Amino acid sequence: MDSQHIWKTVLGELELQISRPNFLTWLKQSELVERDEKNGVVLVGLPNHFAKDWVRSRYHKLILGSLRNLDGSIRSVDYVVLHSQNAEVLKKRAEKNRGAAMVSFRAQEPLPQLHVDPQTNLNPRYTLETFIVGGSNELAHAAVQAVIGDVGTKYNPLFIYGGVGLGKTHLIQAAGNEIHARYAKKVRVLYVTSEKFLSDVVWALRNKRMDDVKSKYRDVDVLVIDDIQFIGGKAATEQEFFYTFNTLYEHNKQIIMSSDRPPAAIPTLEERLRSRFEGGMIVDVSYPDYEMRLAILRTKIQQQNMSLDDDILEHLAMKIQNNIRELEGVLNKILFTQQYKGEKMTTKKVDEVIQEVAQVTSKHVTVQDVLKIVADFFNVAPQELTNRSRKREIVEPRQICMYLMRDMLNLSYPHIGEKLGKRDHTTAIHAYEKIAREASRNPQLNQKLTLIRDRLQKS
C-alpha cells in the first residue's frame, strides 16, 4: 500500500470530523513518515513538538480509528517531529528497507510543491490552474483575476464569502500565489488565518511586543486573511486589525479576506470594520451545480493519475451536492478502496462510502442544539430566545429557531410554540411561513440558514 494515499485518505476523513481551524493548525502539515507492516506500527510526523503533543492528546483515537478502517493490520500510532534527527533517521530506514512503497510523502514530491512558503505562508498547491470555475464561483474568480492585474487599486478590499468547503481558501491562496509569482520580489505577500492573527495579538499584548505585530502585518503589500469572521467580538484584535487595515488601505496595499458570511451578517463585528469591509468588492461563493461537481471530480482523478468509470463519477456528483471538501474526501476513500482493497466500485458501494461519511459528520439534532447554535450565530443568549422579549435583534433569531425546528426536526407547531416561551401555535406557524417566504427571495437570509444548518450538522 502507498503511504501517500493512505495518509491523504485519513486526512480527508479527519477534516470532516474536526473544525476547519483546528485541522489547518494541527494536522494540515502532518505526514505519514513510516508504516511498519510487520509490527502494525504507523509513524506520523508533525512540524513541531507542541503540535506533536497536542495531536497525540486530542486526536490520537480519531487517527488510529481512521487508519484501522483502511488497514486492519495497524495496531498502534506514534508521533515524531519532522525535520528532527529522529525523523530523518526513520525516513532513511524506511526508504532502505521497504523501497518505493514505503517512501514518505515528502520524499515523493518536489520540495516546492510540498512546503508552505515560510515568507508568505502560502501553500503552493493552491493555484488558479487547479481551481475549477463554474456558475457558483465565476464572479469571485473574475474578481480575483481583476485584483491580480491591478493590485491595490481595483476591488480593494476584496471580500469573498460562502459556506464551508466551497473553495474560498483555495481561491484566496491562489490569488496570493499568483501575485507573488507575477511580481516576484516587488510585492510582499502574507497569508494568515484570523486565528493566527488573534494569537499574534494576544502574544504581543502579553509580552509587550505590539511593535512586532505591527511590523509583521503592516509592512506588506498584499494581506490575505482567512475566516475573518472569527475576529468579531474580540476587542483588542478588532482594534489592531482596524488600524492595520487603515494603514494598508491608505497606502494602496491590497487586502483580500474570506468569511463564512457577508460583513452585514457578522453580528459581533464592530461597525467601523463592517463599513470598511463593505467599501470594496463583496462576492459570494455558492454551492456548486452538478456540472461543476463532476468537473471537480474528473480533475482530481487526473491529478492523481487514477481512473473511475463515468457512471461512478456521475453518481457521486449527483449524491453530494453542498460541500466540495466532503466530495473530495469521499472520492479519496473510493479510490483507496478500489486500488488497494481490490474492490470493484459500483453505485451501491459508493452509497455505502457516502453513508459512512454521513455517519461521521452528522449528528442527531435536538431542540437545545437549535437554540444554542442560533444564539451563538447571532451573538445572543439562548434564554433570550425563549423569553417574552420583542427586541428587533431577538425576533429574527427566534423566528429562525421556529423555522428550523419545523424544517429539520419536523416538530408540531404547538410543540415549537411551547419550546419557545410557551407561545401560541399560530406564532410558530407565522414564523415558519415568514422565514420560508423571505428565504426564497432574500439571498442573505438564505445564506444565514445554510450556515446555521451546516453548524447544526457538524458541531
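The length gained on full extension between Y183 and K208, counted as 0.36 nm times the residue separation minus their Cα-Cα distance, comes to 5.5 nm.
Using the Cβ-Cβ distance between S307 and N69 with R0 set to 25 Å, the FRET efficiency from 1/(1 + (r/R0)^6) comes to roughly 0.60. Straight-line reach from K234: taking Cα to Cα under 17 Å and skipping same-chain neighbours fewer than 8 places apart, the aspartates and glutamates in range are E195, D200, D226, E270, E271, D376. Cross-link pairs exceeding 30 Å in C-alpha to C-alpha distance, out of K186/K448; K196/K419; K154/K186, comprise K186/K448; K196/K419. Among W54, W26, W203, a tally of other beta-carbon atoms within 10 Å of each Cβ gives an order, fewest to most, of W203, W54, W26.
With the cut-off at under 17 Å, measuring from each backbone N in the range 177-192 to a point 7 Å along the Cα-to-Cβ line of T153 picks out 183, 187.
For the chain, the membrane-span-like helices by this rule, meaning whole DSSP H stretches whose C-alpha atoms cover at least 15 Å of axis and whose Kyte-Doolittle mean is 1.0 or above, are 138-149, 367-378; this says nothing about an actual membrane. Using the Cβ-Cβ distance between Y290 and D78 with R0 set to 45 Å, the FRET efficiency from 1/(1 + (r/R0)^6) comes to roughly 0.55.
Take the alpha carbon atoms of the range 376-442, find their center, do the same for the range 153-219, and report the distance between the two centers in whole angstrom. Each part's Cα centre sits 38 Å from the other's. Annotation for D424 and F242: the two label points, set 7 Å from Cα along the Cα-Cβ direction, are 4.5 nm apart. Of the trypsin sites (Lys or Arg not before Pro) in the range 1-67, the ones in a loop by DSSP (not H, G, I, E or B) with at most 15 other beta carbons within 10 Å are K28, K38. For a straight C-alpha distance cut-off of 20 angstrom, the lysines reachable from K61 (same-chain residues fewer than eight places away being disregarded) are K8, K28, K52, K333, K363, K458.
For the range 290-361, the square roots of the Cα gyration tensor eigenvalues, ordered a ≥ b ≥ c, give a/c below 1.5, which places it in the rounded category.
Computed from the coordinates by the stated procedures, all read-outs in this text should not be read as laboratory data. These numbers were taken from a predicted model, which means no experiment stands behind them. Methodologically, a virtual Cβ is constructed for each residue, glycine included, from the backbone with ideal geometry; neighbour enumeration extends over all protein chains shown.
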